[in-house]
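Report on the structure given below.
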Amino acid sequence: MLRTHTCGELNDKHVGQEVTLCGWVDTARDHSGVLFVDLRDRYGRTQLVFGPESGQAVLGQAKSLRSEYVIQATGKVAPRPEGTVNAKLPTGQIEVRVERLTVLNSSLTPPLQPSQKELPGEDLRLKYRYLDLRRAEMQKTLFLRHRMTKIMRDYFDQLGFIDVETPVLGRSTPEGARDYLVPSRVQPGTLYALPQSPQLYKQIMMIAGYDRYMQIARCFRDEDLRADRQPEFTQLDLEMAFVDLDDILRVIDGLMARLVKEFCGRELKLPLPRMTYDEAMERFGHDAPDLRFGMELIDLGDLAAEAEFRVFRSAVESGGRVRGINAKGAAGRYSRKGIDELTTYVQQDFAAKGLAWFKVEEGGTLASPIAKNFDATLLERIAQRMEAEPGDLLLIVADEFEVTCKALYGLRKRLGAELKLYDLKEMNFSWVVEFPMFAVDEEDGGWTAMHHPFTTPRAEDVERLDSEPGRCRAQAYDLVVNGYEAGGGTIRIHDQKLQQKVFRLLGIDAETAAARFGFLLDALQYGAPPHGGIALGLDRLVMLFAGMTNIRDCIAFPKTQRATDLMTGAPGAVDAKQLRELGITFRRDEGGERGGCTCRDRS
RNA sequence: GGGGACGUAGCUCAAUUGGUUAGAGUACCGGACUGUCGAUCCGGUGGUUGCGGGUUCGAGUCCCGUCGUCCUCGCCA
């Protein structure tokens, strides 16, 4: 080793020892006769002192040090003179009086400095990721991520799970997200698909008798990005045989309790609360409700039906819903213009027809441009239903059920943040269960799998498969943390006949099913045990435990919103020879100009 | 594919709403300084205002297009 200690470990117990440290020059303060360097590595910072006793040569050398130079310094650990102790630094009790200095490497003037106070623009951080990753914040997050996966592996190991790797080169499945495809050279005209999840492989592992499987698996989905979504992401994936839904939830409950104990220093009360999908949609308008605050959706359908106000009455008469939320004490926070913004928001983002609102005045009367369309008693009953108090702002959406869900969910989320209705450090865990088996496919009007086509219906709903699939509930469950879907899973179908029935319902004919996952249908006929599992979004979990709202900050090398890597320039053009070997040509009108013959420097 | 925000010195930002020579902090370069830790003090370099058009006597500012980053709807079993 080129060093005897790290930059984070020296303290007054080391005084008098000769040590050698290696690291990066964080800052240098030159006082002519004496010069200080804060030396940084991922363990911390230590102050180096160059003075007359270092010798003219070493002092002169030190004067040439600049930000991010990599140096090796040897000297004695000394207590800092009285009055110069730095309480902000764990190593602030001591300093190293340097006797020998080696510049291991110099550095260009860095475009971003790891210790600078203002965070540089994200494009710059991504382009110079190696500099960004030197920041303490990033190092802290990646270390948190490491500790979390360590705990996960230990936890599942103790429960008898085995870690099995599954292929990255697989075959495309018909449903779900868009696949990333990899052309085969050996089989011209065919392509592999990168896994959206190891779903089928882990089911095969159950059939093979490995009754407790886990993996921290990379998954790929070629869909548009969000603050909490990357095209390449990591799942904590697991599967168990001979279990029911409660067994899976209990295992994850235990894991969450362990993580919370380790990183939040408290006991998590188990079992985690459960809510049905229907209840979540009714109370919060979303299947991943943020339970850190109230402001639940309130149904006003019966009152709206009595109203003269046409917008309300016709919504109910045409089978829609009239629901609202009460933003307690927010009437003063939202001016007419502010409410207009909220209206535009629900119209543009959720296709709501409009937003009705009332401000609750002193004395409890409801004030609004639409108030004249209601008689006084009805207004009073609305106020009562919504538990309105002076200063409250009532926001009401009258529309189709789905629209009221989306719009009010959006409003609740937005107002929750704007009104700071929750503690940013709080962690709230819950389960949402009893998802519908199927949803109506917007494109062809047929049924589509709500979760995935291998999901088992609830035992009491199996008979509904034929008669009313829309009311058939699945043995599916989502883990929800602070309003984020942190993971989801199902009990799988282990009966080949039932599996084929579900495929038929989904409009996947026998031929297609056989071609796409005949191997699973085959395997189900060779003694498939009952099994089920779950996958947790690791990046999201890290984000949540780190108290962040951006998944990119929890990933060492993330992609931009347009799915590029600003550091490497990926994706990029490839050599013409590579394309020839794969039998690929690009049409000129579809990226032909990028399909050039050589890799292009995109910087 | 739709909606929105942003793009000015290496970096973080400003520029009195269209006005004459585009500023500040920091970084960088030079000088001073023996106890600093956001060191301080003095001096200096640094700009195709993302790019391309247009309107105007005059554009960082207005308009159109384009590129990039972010937020969001659709999308994400």
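The values are calculated or read from the model by the stated rules, or taken from the named source; none is laboratory data. Just so we're clear, the structure is a prediction, and the values are computed from it rather than from any experiment. Cβ placement follows ideal geometry from the backbone for every residue including glycine, while neighbour counts extend to all protein chains displayed.
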>> Yes or no: segment A:485-495 includes at least one residue that is away from RNA strand B (no atom under 16 Å from the Cβ) and of a type in the set (S, T, N, Q).
In response: no
> Quick check, is A:Lys88 near RNA strand B (Cβ under 7 Å from one of its atoms), assigned by TED's automatic domain parsing to the domain that holds A:Lys76 and either touching a residue at least 24 places away in the same chain (Cβ under 8 Å) or not in a strand (DSSP E or B) (or both)?
Replying inline: yes
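Report whether or not A:Met152 is in the same structural domain as A:Leu255 (by TED's automatic domain parsing) and not in a helix (DSSP H, G or I).
Details: in the same structural domain as A:Leu255 (by TED's automatic domain parsing): yes; not in a helix (DSSP H, G or I): no.
So A:Met152 fails the test.
What strands (runs of 3 or more DSSP E) lie completely within segment A:166-244 and have 1 or more residues being more than 10 Å from RNA strand B (Cβ to nearest atom), more than 23 Å from A:Arg516 (Cα to Cα) and aromatic (Phe, Trp, Tyr)? It would help to see each step written out before you state the result.
Numbers: elements: A:181-183, A:191-193, A:212-220, A:232-241.
Those strands (runs of 3 or more DSSP E) span A:212-220.
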> Consider A:Val37 against the criteria (1) under 18 Å from A:Cys7 (Cβ atoms); (2) within 8 Å of RNA strand B (Cβ to nearest atom); (3) surrounded by 15 or more Cβ atoms within 10 Å (Cβ to Cβ): it satisfies all of them except one. Which criterion is unmet?
Replying inline: (2)
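Take A:Lys117 and tell me if it is part of a loop (DSSP other than H, G, I, E, B) and among the basic types (Lys, Arg). Show your work before the answer.
Details: part of a loop (DSSP other than H, G, I, E, B): yes; among the basic types (Lys, Arg): yes.
In short, yes.
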> If you take the residues of segment A:544-564 that are away from RNA strand B (no atom under 11 Å from the Cβ) and either of a type outside the set (A, V, I, L, M, F, W, C) or under 24 Å from A:Cys264 (Cα atoms) (or both), which of them is surrounded by the most Cβ atoms within 10 Å (Cβ to Cβ)?
Replying inline: A:Cys554
> So which residues in segment A:269-293 are surrounded by fewer than 17 Cβ atoms within 10 Å (Cβ to Cβ), over 20 Å from the mean Cα position of the chain (by Cα) and either more than 18 Å from A:Ile396 (Cα to Cα) or in contact (Cβ under 8 Å) with a residue 24 or more places away in the chain (or both), if there are any at all?
Replying inline: A:Lys269, A:Leu270, A:Pro271, A:Pro273, A:Arg274, A:Thr276, A:Asp278, A:Glu279
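Restricting segment A:91-110 to residues that are of a type in the set (D, E, K, R) and either near RNA strand B (Cβ under 10 Å from one of its atoms) or at positive phi (or both), which is farthest from the chain's Cα centre (by Cα)?
Step one: of segment A:91-110, the residues of a type in the set (D, E, K, R) are A:95, A:97, A:99-100.
Then keep just the ones that are either near RNA strand B (Cβ under 10 Å from one of its atoms) or at positive phi (or both); that gives A:95, A:97.
Working: A:Glu95: 41, A:Arg97: 46 Å.
Out of the qualifying residues, it is A:Arg97.
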> Out of the residues in segment A:40-63 that are more than 10 Å from RNA strand B (Cβ to nearest atom), surrounded by 19 or more Cβ atoms within 10 Å (Cβ to Cβ) and among the charged types (D, E, K, R), which is farthest from A:Pro81 (Cα to Cα)?
Replying inline: A:Asp41
>> Please count how many residues of segment A:76-90 are in contact with a Lys or Arg (Cβ under 9 Å, 6 or more places away or on another chain) and under 17 Å from A:Phe50 (Cα atoms).
In response: 3
> In segment A:322-351, which residue that is more than 19 Å from A:Phe293 (Cβ to Cβ) and in contact with a Phe, Trp or Tyr (Cβ under 9 Å, 6 or more places away or on another chain) is modelled with the lowest pLDDT?
Replying inline: A:Glu341
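Does A:Ala383 satisfy the criteria of being in contact (Cβ under 8 Å) with a residue 60 or more places away in the chain and either in a loop (DSSP other than H, G, I, E, B) or more than 19 Å from A:His286 (Cβ to Cβ) (or both)? Don't jump to the end; show me each part of the working.
On the way: in contact (Cβ under 8 Å) with a residue 60 or more places away in the chain: no; either in a loop (DSSP other than H, G, I, E, B) or more than 19 Å from A:His286 (Cβ to Cβ) (or both): yes.
Taking the combined requirement at face value, the residue does not satisfy it.
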> If A:Gly532 satisfies every condition in (1) crowded, with 23+ Cβ neighbours inside 10 Å; (2) away from RNA strand B (no atom under 14 Å from the Cβ); (3) more than 19 Å from A:Phe429 (Cβ to Cβ) but one, which is the exception?
Replying inline: (2)
> From the list A:Lys406, A:Lys420, which one is within 30 Å of A:Leu355 (Cβ to Cβ), surrounded by 18 or more Cβ atoms within 10 Å (Cβ to Cβ) and not aliphatic (A, V, I, L, M)?
Replying inline: A:Lys406
> Out of (1) part of a loop (DSSP other than H, G, I, E, B); (2) within 14 Å of RNA strand B (Cβ to nearest atom); (3) in contact (Cβ under 8 Å) with a residue 60 or more places away in the chain; (4) not hydrophobic (A, V, I, L, M, F, W, C), the odd one out for A:Arg66 is which?
Replying inline: (3)
> In the list A:Ala280, A:Ala217, which residue meets the criterion of being within 22 Å of A:His146 (Cβ to Cβ) and small (Gly, Ala, Ser)?
Replying inline: A:Ala217
> Can you pull out the residues in segment A:145-171 that are surrounded by 14 or more Cβ atoms within 10 Å (Cβ to Cβ) and without any contact (Cβ under 8 Å) to a residue 40 or more places away in the chain?
Replying inline: A:Gly170
> Hey, among A:Phe312, A:Phe263, which residue is assigned to a helix (DSSP H, G or I), buried (at least 20 other Cβ atoms within 10 Å of the Cβ) and in contact (Cβ under 8 Å) with a residue 60 or more places away in the chain?
Replying inline: A:Phe312
